[in-house]
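The values are calculated or read from the model by the stated rules, or taken from the named source; none is laboratory data. The model shown is predicted, which means the values in this text are computed figures rather than measured ones. When we count neighbours, we look across all protein chains shown, and the Cβ atoms used for this are built from the backbone with ideal geometry, even at glycine.
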């Protein structure tokens, strides 16, 4: 199966799952939570198979989190060492572990991410290039941005062990979802050293 990251036409960012790994700097299997000692191992261009618990949250959930921060109210989840996936999952069909699931565009979260990073968020998963300020925040707050392959939501759903709404259930598909994943395929787009897979691929 060939996967191409949307938003680029760069052949280096094409992956043949479970066969061709030569295009990537490293192929790493990693479990959550992503504490700093794990984040420090990662470089832009690495292929990561992530396992463990991540949380799905989009615009509406982010805005509600920020409202709680501004008001000094308790948050519905602990942000320290957390991984957030920008996703609005499809309903889970009967007898399935997950409906189709795929990344949403990450750039629109750039202006509302810093307060989460300040509280210990360590990884973000989405698709596409992000702003220079967000890339600089990854270095400042020792966090990483993963890009997930787009256009293969059915395949990605096969890597989901379980998914359930865990907070803000009234938001429907924009609620916060607790998601357990096994060997979920990701690309390190921005690392903590200023590495940028988009710039590096374009320069080749």
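Here are the numbers for this structure:
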quantity	calculated
Close pairs from region 127-155: first on the phi > 0 side of the Ramachandran plot, partner surrounded by fewer than 18 Cβ atoms within 10 Å (Cβ to Cβ) and not in a helix (DSSP H, G or I), Cβ under 8 Å, at least 6 apart	128/6; 128/7; 128/105; 142/40; 151/4; 151/6
Sole exception among (1) within 14 Å of residue 58 (Cβ to Cβ); (2) in contact with a helix residue (DSSP H, G or I) (Cβ under 9 Å, 6 or more places away or on another chain) for residue 125, by number	(2)
Inter-residue pairs, beta-carbon under 7 Å, first at positive phi and in region 71-91, second buried (at least 16 other Cβ atoms within 10 Å of the Cβ) and part of a loop (DSSP other than H, G, I, E, B), 6+ apart	81/33; 81/34; 81/120; 81/122
Selection count where residues are touching a strand residue (DSSP E or B) at 6+ places or on another chain (Cβ under 8 Å) and either in a loop (DSSP other than H, G, I, E, B) or over 17 Å from residue 85 (Cα atoms) (or both), scope region 26-68	15
Hey, residue 175 in contact (Cβ under 8 Å) with a residue 24 or more places away in the chain, closer than 27 Å to residue 64 by Cα and under 15 Å from the mean Cα position of the chain (by Cα) or not	no
Residue check for residue 91: out of contact with any strand residue (DSSP E or B) (no Cβ under 8 Å at 6 or more places or on another chain), under 27 Å from residue 152 (Cα atoms) and surrounded by fewer than 15 Cβ atoms within 10 Å (Cβ to Cβ)	yes
Of the criteria (1) within 19 Å of residue 187 (Cα to Cα); (2) modelled with pLDDT of 95 or more; (3) in a loop (DSSP other than H, G, I, E, B), which one residue 87 fails	(2)
Listing of helices (runs of 4 or more DSSP H) fully contained in region 104-204 that carry 1 or more residues being modelled with pLDDT under 95, touching a strand residue (DSSP E or B) at 6+ places or on another chain (Cβ under 9 Å) and surrounded by 15 or more Cβ atoms within 10 Å (Cβ to Cβ)	153-157, 197-202
